[in-house]
Amino acid sequence: MRQARKMLSANFAEEHADKIPTLLSVSEQAQKFLAEVGGAGKKMRVVIEVDDQGVLSSTLEADPELLELSQAMKLQFRGELIADGYNIRKVDFSKIHGVAGNDLGKLADAMEIPDGARVLDLMCGYGAVSAHILNRAANEGHSIELSMCDLHKVQLDRIPDEVREAAADVTVGDARNLPYEDASFDAVVIKMGLHEVPHIDQPLVFQQVFRVLKPGGRFVIWEVMPDTGEQQDAFTEQMQKKNELAGYESIVVDRYFTRGEQMPWLYEEAGFAGVKQVFEANFHQSTLGRLDSELGGDHHKLDDLNAFVRRCTPDAIRTEVDYKDEGDSISMKVPNRIFRAIKPE
Ligand SMILES: C[S@@+](CC[C@H](N)C(=O)[O-])C[C@H]1O[C@@H](n2cnc3c(N)ncnc32)[C@H](O)[C@@H]1O
């Protein structure tokens, strides 16, 4: 039932800069309700009031028959007001993600992009993957049509001019509700993006990518994928603390780092076949490495982070993650993997 939810987004594009960006999770039953609202061309307004005593109340303003329908369906309104971390996070992902040697080449190899292909770099950020794919196509004499999509305009604004000009489109969009037609792409890639989507929503990303791929198309994911639950907890807690100290509220709440063994299930549940891990390296996490890029050079924050990491990394996993405590800098390694699967013909 949860898999049948839909995620709707509004006001993330430039022309709505004066409005509040909104993500609406719509349950299976509520989709029927919204179909009534939209189908009838009617408006519905959810009003949230906080009075001078700080007491909260909310009202649904709509036509009487819609109010009646919402009551008959026993609908609830659930909301989240939260500060958007990706509107302020401006880091060099290649340093943080430990991109080494020919890693981007391996990612592009896994996509198997033929001449004339249509490709989507999803959750593209400032477009490092797109830049690599475009260069490679140019070197091979291939002509490709590359779409770049990310939920945050602030990140898309960081795309270098030459990449933006070479792209077929640069689009604000949510990976859970892609703004592309069915069967549009030969390959879709997400590098270090899946973990930005809450655990409960990750299946929606796989469903959406499946929808926009052509039969035979490839879906390639590069992601930190801890091996065990203990590694997953220790790494997630460390990242949450770092993100809290950096002031990225939504990122603290949303992130979920999927374990390697969970990945085939996510692909297969959406209908993909031939799921394969094509590459494994190590993600090097260093607390000191975040000092200037994310903690604003504040040594007190670094001390807090280090104290937290010492407390939250169980002795039992320290050897397997190559945990090193050098005072100012605590480092550990977690598997970084590339997976690929195919939408059956
Ligand atoms: C860690 S960055 C990776 C960027 C790029 N793929 C790279 O590796 O250089 C994650 C990106 O995901 C984007 N993002 C977060 N949630 C998203 C969502 N629900 N849909 C689309 N993009 C999202 C963020 O704005 C950010 O640019």
At a 10 Å Cβ-Cβ cut-off, how would you order Ile96, Ile251, fewest neighbours first? Ile96, Ile251
For Ala138, put the label point 7 Å out on the Cα→Cβ axis and report which residues of the stretch 167-204 keep their amide N under 18 Å from it. 167-170
Simple Cβ-charge dipole of the chain, Lys/Arg +1 and Asp/Glu -1, about Cα centre, in debye nearest 20: 580
Exposure-ranked with fewest Cβ neighbours within 10 Å first, Ile159, Ile221, Ile317 stand as Ile317, Ile159, Ile221
How high is the relative contact order of the stretch 152-296, in percent, with contacts defined as C-alpha pairs under 8 Å that are six or more residues apart? 23
What are the semi-axes of the equivalent ellipsoid of the stretch 1-69, taken as the square roots of 5 times the eigenvalues of the Cα gyration tensor, listed largest first and rounded to whole Å? 22, 19, 14
Express in nm, to one decimal, how much length is gained between Lys32 and Arg211 on full extension, taking 0.36 nm for each residue of separation and deducting their alpha carbon distance. 62.3 nm
If you scale each eigenvalue of the Cα gyration tensor by 5 and take the root, what three semi-axes come out for the stretch 236-310, rounded to whole angstrom and sorted largest first? 32, 14, 10
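For Arg311 and Asn87 in the same chain, what is the full-extension length gain: residue separation times 0.36 nm, less their Cα-Cα distance, in nm?
Full-extension gain reported as 77.6 nm.
Taking the Cα centre of the stretch 231-345 as origin and charging only Cβ (+1 Lys, Arg; -1 Asp, Glu), how large is the dipole, in debye to the nearest 20? Intermediate values should be presented prior to the final figure.
On the way: 15 positive and 21 negative charges, 61 e Å.
Roughly 300 debye for the stretch 231-345.
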Distance check, please: which entries in Lys32/Lys191; Lys95/Lys301; Lys153/Lys276; Lys74/Lys191; Lys242/Lys276; Lys153/Lys191 exceed 28 angstrom between their Cα atoms? Lys32/Lys191; Lys153/Lys276; Lys74/Lys191; Lys242/Lys276
Between Asn102, Asn135, Asn87, which gets the highest mean-square fluctuation from a Gaussian network model of the chain, Cα cutoff 10 Å? Asn102
Go through Ala187, Ala234, Gln202 and say which Cα lies farthest out towards the positive end of the charge dipole of the stretch 147-298; charges sit on Cβ, +1 for Lys and Arg, -1 for Asp and Glu. Ala187
FRET efficiency for Asp157 and Val278 from the Cβ-Cβ distance with R0 = 45 Å, rounded to 0.05, comes out at 0.90
On a C-alpha basis, how far is the centre of the stretch 171-242 from the centre of the stretch 29-50 in Å? Whole number, if you could? 29
Whole-number percent relative contact order across the chain, with pairs defined as alpha carbons under 8 Å at least 6 apart: 16
Rg and Dmax of the chain, Cα atoms, in Å? 21.7, 67
Cα-based Rg/(2.2 N^0.38 Å) for the stretch 186-283, rounded to two decimals, is 1.13
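Just how large is the dipole of the stretch 108-154 about the Cα centre, in debye to the nearest 20, putting +1 at every Lys and Arg Cβ and -1 at every Asp and Glu Cβ?
200
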Rounded to whole Hz, the Karplus (6.51, -1.76, 1.60) HN-Hα couplings of the stretch 238-249, x for glycine and proline: 4, 5, 4, 5, 4, 5, 5, 5, 7, x, 9, 4
Extension reserve of the Asp51-Ala4 stretch, reckoned as 0.36 nm per residue once the Cα distance is removed: 13.3 nm
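Throughout, read-outs are computed from the coordinates displayed, never taken from laboratory work. Worth saying up front: this structure is predicted, and the values here are computed from it rather than measured. Heads up, the Cβs are rebuilt from the backbone with ideal geometry, glycines too, and the neighbour counts pull from every protein chain shown.
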